[in-house]
Amino acid sequence: MKPLELLAPARNADTAISAILAGADAVYMGASSHGARKEAANSIDDIRRVVDFAHPYNAKVYATVNTIIYDSELAGVERLITELYHAGVDALIVQDMGILRMPIPPIELHASTQCDIRTPEKARFLADVGFTRLVLARELSLSEIEEIHRAVPSTELEAFIHGALCVSYSGDCRASCMTGGRSANRGECAQICRLPYTLTDSRGRVLVEDKHLLSLRDLNRSDSIGAMADAGICSFKIEGRLKEEGYVRNTVAWYSRILDRIVSESGGRYRRLSAGQSRAGFNPSPDKSFNRGFTTYFLSGRAPAKGLASLDTPKATGTPVGKVKRCDGKTIIADLTAPLANGDGLGYFDITGRFQGFRLNRAEGNRLYPATPRAIPAGTILYRNRDKEWDDAITSAKTSRTIRVDMVLRTVGTDCVVLELTDERGTSATYAMTLDAPLTEAVTPQESPRRQILNKLGGTIYQAGKIVDLAGQVFIPASRLATLRREALASFDRAHAMTYRYGRRLVENRDAQFPRTALTIHDNVANRLAEEFYRSHGVTDITPAVEVSRPEDDSMVMTTRYCLRRELGRCLLTPQGKSWPDGPMYLTNGNIRLRVEFDCTRCGMNLYTN
């Protein structure tokens, strides 16, 4: 059976533990440095705490060390990786090929989405040099995923299924670095794609004014998980290492149910990677958590005519809940389509088209009292982007996860009782206890009270499954049977810990040749070890990353599969496209000015500093 993994983000240890309880098969979290989300760093001790919690469920913990590394940092990163290995981390998610030249422990390596994996040739090379898993570009279609899977059938493939979308191919964006000095390849992206821009043609004519033209909707592939598994994906990744715990718990619980259904309907073809039954304690719904509207992006292979971008706002607008009848600043009278509660978050588009949000201090039927005075015209649609009662339900929910353990109780000789334990992880243990006195015949039936004692597994991760009592009508003191249960479970835990399976780094094929002999700034080479790695695999010409050597001429700062012309209904292949001149266009926001060139041969666009 092919294992399917639901991979959850975690900004800290508490979020990681919450995700595992909600049904995640694995979590990924930043280490103390060199993670692509600088604000989501974690200490080795916190990561070790997550490892200790996750592994009893056979859940995995992956650490992100997925930024480019400078020469002066190589020794420090090497020490960090060694510490992560000894903390029990299952794999590293990395971008910088210099890591493959470090004398690090045999820890499993995953190629980050920052490696820009979108072709079978790139995938085959990365598999050949020792990566056990490849995190594919979000832009790939099902057919493109299948093509890569055929090229590397023995290599695990991971793909994003939910969360924020970068407008550029990941790892191939220098916009934040070149316009403001904050590099996405160093975990410091300023997210300039979320800003409003004015679009002009080469003559300066304004085509679109003050819209969020590069801000994409959020990914949601709830209806495509089975198709993605059939195409070759084994790990289904949720984006969001900066998201709060409630968001992660809700999203994980939602997709865990989907994966459970796919497994149950697969006829034995699939199984979940980890063990245990999760109980969310609430009814999950991704619509209730932060989102900018949803898209499946390019998964179908067809370029959507429109609807990829959230043009009006990069914020979560939520769902419509009514319309303003009148407003005097302190009080809003509205026609509501849903009941509202104190503390709800509401929003609306003002007369300039900007989305404005406010907290609802009090709701009395259709009479609303905002926390801050508002002047909202009659007829304005109200949206709810925070459901206070829903948030409270998630916060108070008793999410749990247990592993079923089957037991067999029997006696050996005249003074020994034995408890045999087995579970869904494949772990088994037998624990024998010698009593202080010989076993004697009991006067009253014993099976029911013994079963009650063996069933008491509170405070553990286990839930009693099948209990077979072969001890007969002998009397076993209740205190001794309880001690037998506790010590047998402790032995059981040790047995699982001893047999837990770690991945191992694959041997690098030194004869593998990189698909190209020349590297550009798009390949993000920032240190001598990465340069040494590529040269050993056939590369002869290397241009350093912009983070270490700024180019003198205009640079391509983004390459995208998203196309502004297509999104705005002005594709050059349609009659409507003729209303806009062919040639470059310009995006401006304050001091930021980007030249946009359209690449119709691949149905995408490139952005340059100008």
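The values are calculated or read from the model by the stated rules, or taken from the named source; none is laboratory data. Quick caveat, the model's predicted, so the values are computed rather than measured. We place every Cβ from the backbone using ideal geometry, glycine too, and count neighbours over all the protein chains shown. For the accessible areas, the whole protein counts, side chains as well, though only heavy atoms, and no ligand, DNA or RNA atoms are used. Shrake-Rupley method; radii C 1.70, N 1.55, O 1.52, S 1.80 Å.
Once segment 538-565 is narrowed to residues that are basic (Lys, Arg) and part of a loop (DSSP other than H, G, I, E, B), the residue that is farthest from Gly583 (Cα to Cα) is Arg550.
Restricted to segment 507-556, and to residues there that are among the polar types (S, T, N, Q) and over 24 Å from Arg182 (Cβ atoms), the residue that is surrounded by the most Cβ atoms within 10 Å (Cβ to Cβ) is Ser536. Look at (1) open to solvent by 30 Å² or more (accessible area, probe 1.4 Å); (2) part of a loop (DSSP other than H, G, I, E, B) and you find that Lys323 fails only one, number (2).
For segment 466-481, the set of residues classified as open to solvent by 20 Å² or more (accessible area, probe 1.4 Å) and either of a type in the set (D, E, K, R) or in a helix (DSSP H, G or I) (or both) consists of Lys466, Asp469, Ala478, Ser479, Arg480, listed by residue number.
Any residue in segment 142-161 that is among the small types (Gly, Ala, Ser) and out of contact with any helix residue (DSSP H, G or I) (no Cβ under 9 Å at 6 or more places or on another chain)? Checked segment 142-161: no residue is among the small types (Gly, Ala, Ser) and out of contact with any helix residue (DSSP H, G or I) (no Cβ under 9 Å at 6 or more places or on another chain). Quick check, is Thr67 within 22 Å of Val546 (Cα to Cα), in contact (Cβ under 8 Å) with a residue 12 or more places away in the chain and of a type in the set (Ser, Thr, Tyr)? Yes: the conditions hold for Thr67.
Return yes when Arg302 is at pLDDT below 95 and charged (D, E, K, R) and no when it is not. Against the criterion (at pLDDT below 95 and charged (D, E, K, R)), Arg302 qualifies. For segment 226-251, which positions are charged (D, E, K, R), out of contact with any strand residue (DSSP E or B) (no Cβ under 7 Å at 6 or more places or on another chain) and not in a helix (DSSP H, G or I)? Selection gives Glu244 alone. In segment 345-385, the qualifying residues are those that are in contact (Cβ under 8 Å) with a residue 60 or more places away in the chain and assigned to a strand (DSSP E or B), and the one that is most open to solvent (accessible area, probe 1.4 Å) is Ile381. Note on segment 187-220: residues that are closer than 15 Å to Ile592 by Cα, within 20 Å of the chain's Cα centre (by Cα) and part of a strand (DSSP E or B) amount to 0.
If you go through segment 265-284 and keep only what is more than 24 Å from Ile145 (Cα to Cα) and surrounded by fewer than 19 Cβ atoms within 10 Å (Cβ to Cβ), you end up with Gln277, Arg279, Gly281, Asn283.
Taken as a whole, the condition of being surrounded by fewer than 21 Cβ atoms within 10 Å (Cβ to Cβ), in contact (Cβ under 8 Å) with a residue 24 or more places away in the chain and within 26 Å of Ala497 (Cα to Cα) does not apply to Glu121. Against the criterion of being part of a loop (DSSP other than H, G, I, E, B) and either open to solvent by 10 Å² or more (accessible area, probe 1.4 Å) or closer than 23 Å to Arg354 by Cα (or both), Val167 qualifies. Which members of segment 59-88 meet the condition of being buried (at least 22 other Cβ atoms within 10 Å of the Cβ) and among the basic types (Lys, Arg)? Matches in segment 59-88: Lys60 only. Going by the structure shown, is Asp223 part of a helix (DSSP H, G or I), of a type outside the set (Val, Ile, Thr) and more than 13 Å from the chain's Cα centre (by Cα)? Taking the combined requirement at face value, the residue satisfies it.
Out of Thr411, Thr399, Thr427, one residue alone is more than 30 Å from Asp52 (Cβ to Cβ) and in contact (Cβ under 8 Å) with a residue 40 or more places away in the chain. It is Thr411. Here is a check on your reading of the model: is His496 open to solvent by 10 Å² or more (accessible area, probe 1.4 Å), under 17 Å from Asn606 (Cα atoms) and touching a residue at least 12 places away in the same chain (Cβ under 8 Å)? Taking the combined requirement at face value, the residue does not satisfy it. With respect to the conditions (1) polar (S, T, N, Q); (2) in a helix (DSSP H, G or I); (3) in contact with a Lys or Arg (Cβ under 7 Å, 6 or more places away or on another chain), Gln114 falls short on a single one, namely (3). Checking the structure you have, find out if any residue of segment 292-312 is open to solvent by less than 30 Å² (accessible area, probe 1.4 Å), of a type in the set (Gly, Ala, Ser), farther than 23 Å from His162 by Cβ and in a strand (DSSP E or B). Checked against the condition, which is being open to solvent by less than 30 Å² (accessible area, probe 1.4 Å), of a type in the set (Gly, Ala, Ser), farther than 23 Å from His162 by Cβ and in a strand (DSSP E or B), segment 292-312 yields no hits at all.
Out of (1) of a type in the set (Lys, Arg); (2) touching a Lys or Arg at 6+ places or on another chain (Cβ under 7 Å); (3) open to solvent by 60 Å² or more (accessible area, probe 1.4 Å), what's the single condition that is false for Arg257? Arg257 satisfies every listed condition except (2). Just one residue in the set Asp96, Asp116 is open to solvent by less than 50 Å² (accessible area, probe 1.4 Å), closer than 22 Å to Ala309 by Cβ and in contact with a helix residue (DSSP H, G or I) (Cβ under 9 Å, 6 or more places away or on another chain); that residue is Asp116. When segment 209-250 is filtered for residues that are of a type in the set (Val, Ile, Thr) and either within 22 Å of Glu156 (Cβ to Cβ) or open to solvent by 10 Å² or more (accessible area, probe 1.4 Å) (or both), the ones remaining, listed by number, are Ile225, Ile233, Ile238.
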